Amino acid sequence: MKPSWLTPGLSHTLIGAALTAAIGIPCALIGLPAIIGAGFAIGFYVGRERRQSEEHFGSNSILPWQWKPRAGRDMGWPALAAAIVALAIELAF
């Protein structure tokens, strides 16, 4: 059972940070920029929100600017966490 303090926004923020670390740290260790991990996490969430927007509107042929009402928020927090973690990885390595 999920703890009561773990809201959907916080859980997605933590997942964005974890995805960034999982890809960014190995990249930093082999000399690539950690921003690759952030790009992976942000791409994951953009794709996820796009699929959910298609489900929200009931069609997979929606216009590119049509997003579900909370898509910006649901992509924004993980993207911010990904950027912070990528910066921390770059400063650490």
>> Return the residues of region 68-78 that are in a helix (DSSP H, G or I) and open to solvent by 30 Å² or more (accessible area, probe 1.4 Å); say none if nothing qualifies.
In response: Gly72, Arg73, Met75, Gly76, Trp77
> In region 39-67, how many are surrounded by fewer than 17 Cβ atoms within 10 Å (Cβ to Cβ) and not in a helix (DSSP H, G or I)?
Replying inline: 9
>> Looking at region 24-38 only, could you name the residues that are open to solvent by 60 Å² or more (accessible area, probe 1.4 Å) and in contact (Cβ under 8 Å) with a residue 12 or more places away in the chain?
In response: Ile25, Leu29, Pro33, Ile35, Ile36
> Quick check: is even one residue across region 24-35 touching a Cys at 6+ places or on another chain (Cβ under 9 Å), in a helix (DSSP H, G or I) and at negative phi?
Replying inline: yes
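The values are calculated or read from the model by the stated rules, or taken from the named source; none is laboratory data. Keep in mind that what you see is a predicted model, and the values were worked out from it rather than measured. Backbone-built Cβ (ideal geometry, glycine too); neighbour counts: all protein chains shown. SASA here: full protein model, heavy atoms, side chains in, ligands and nucleic acids out. Shrake-Rupley method; radii C 1.70, N 1.55, O 1.52, S 1.80 Å.
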